[in-house]
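Okay, structure first, notes after.
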Amino acid sequence: MPDDTTTPIAARPSLAILISGRGSNMIAIARACQSGKLQATVALVISNRPDAPGLEAARQMGIETAVIDHTTFVSRHEFDQALHQRLQQAHPDWVVLAGFMRILTSEFVDRWQGRMLNIHPSLLPKYPGLDTHARAIAAGDSHAGASVHIVSPELDAGPVISQVKVAIEPDDTAESLAHRVLHEEHALYIKALQQCIDRNSNSASDSVLP
Ligand code: GRF
């Protein structure tokens, strides 16, 4: 889509954003939608934790929210079933994982295959999983960063859409590095989402794989 066009709000693709905590990526994406920087709308924010601070932030932005508390389900499968049903009600074009701290079943991932994105705070394929910044510092890496990728059944392993690099300073701690990377994550996620949306609207195929 050319830069000088603006998609009418009703025609914009919709996003369901899944969070577990503070939701700073969700807030950045929602603000970008509201300002028109990102040509999408946020239909729903879902948290698996009732006390996630991002829920209140979403409500204050006028976004519909839902809680699907994973602790109330007997199995991962049943939680994913409930999540899928709630998502179907909102029928989003894209499912956006933004600090969503749950491993999803391959059955769930398959249902949203090619339409579900995640942001991970490392330069994938380096450092899938947790403690990414501490691991990058311990390894003596010159750069850390973040990756937006298509979600596949294997954790943090789907095709990468876009990455941002952040230099590691000699006196960096995991916390100071996380702070700088997070700032870059916000811009990265907005850019990657717009890229996916544009590719889909320019393609007869519904695949966004690079
Ligand atoms: C981010 O660092 C993201 O990369 C990771 O979890 C964190 C979520 O932060 N997946 P926030 O909730 O978006 O502030």
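The values are calculated or read from the model by the stated rules, or taken from the named source; none is laboratory data. Worth saying up front: this structure is predicted, and the values here are computed from it rather than measured. Using ideal geometry, Cβ is built from the backbone for each residue, glycine included, and neighbour counts are taken over all protein chains shown. In case anyone asks, the SASA skips ligands and DNA or RNA and just uses the protein heavy atoms, side chains included. Shrake-Rupley method; radii C 1.70, N 1.55, O 1.52, S 1.80 Å.
Structure notes:
- Fully extending the segment from Ala90 to Arg180, taken as 0.36 nm per residue of separation minus the present Cα-Cα distance, adds 29.0 nm.
- Computed about the Cα centre, the dipole magnitude for the stretch 122-210 is approximately 260 debye when only Lys and Arg (+1) and Asp and Glu (-1) carry charge, each at its Cβ.
- Given charges at Cβ of Lys, Arg, Asp, Glu: the chain dipole, positive-most of Ala192, His91, Ser162: His91
- Think of it as helices only: each DSSP H run of n ≥ 4 in the chain is worth -39500 (n - 2.57), and spread over all residues that comes to -11500 deg cm²/dmol at 222 nm.
- Within the stretch 13-98, trypsin sites (Lys or Arg not before Pro) in DSSP loop having at most 16 other beta-carbon neighbours inside 10 Å: Arg22, Lys37
- Rounded to the nearest 20, the Cβ-based charge dipole of the stretch 1-126 about its Cα centre (Lys and Arg +1, Asp and Glu -1) stands at 220 debye.
- Dipole magnitude (debye, nearest 20) for the chain, charges at Cβ of Lys, Arg, Asp, Glu: 320 debye
- Phi-based couplings in Hz for the stretch 106-119 (Karplus 6.51, -1.76, 1.60; Gly and Pro marked x): 5, 4, 5, 4, 4, 5, 10, 3, x, 10, 10, 10, 9, 10
- Charge tally for Ala187 (other residues, Cβ to Cβ under 14 Å; Lys, Arg +1; Asp, Glu -1): +3.
- Between Val67 and Ser35, the contour length at 0.36 nm per residue exceeds the alpha carbon distance by 8.9 nm.
- Normalised by residue number, the volume inside the convex hull of the Cα atoms of the stretch 88-210 is 106 Å³ per residue.
- Accessible surface of the chain [probe 1.4 Å, protein heavy atoms]: carbon and sulfur percent: 52 percent
- For the chain, the share of alpha carbon pairs falling in successive 10 Å distance bins from zero is 8, 34, 37, 18, 3 percent.
- Mean accessible surface per residue for the stretch 1-65, computed with a 1.4 Å probe while every protein chain stays in place, in Å²: 47 Å²
- Length released on extending from Arg76 to Asn202, taking residue separation times 0.36 nm less the Cα-Cα span: 41.7 nm
- For Ile17, residues with placed amide H under 5 Å, excluding near neighbours: Leu44, Val45, Ile46, Val96
- ³J(HN,Hα), Karplus 6.51/-1.76/1.60, whole Hz, each residue of the stretch 67-84, x for Gly, Pro: 10, 10, 6, 5, 6, 9, 10, 7, 8, 4, 4, 5, 4, 5, 4, 5, 4, 4
- Accessible surface area normalised per residue over the stretch 127-198 is 47 Å², counting heavy atoms of protein chains with a 1.4 Å rolling probe.
- Listed residues Leu104, Cys33, Pro125: farthest to the positive end of the dipole of the chain (Cβ charges): Cys33
- Excluding exposed DSSP-loop GluC sites (Glu not before Pro) (at most 14 other C-beta within 10 Å), longest clean stretch of the chain: 65-153
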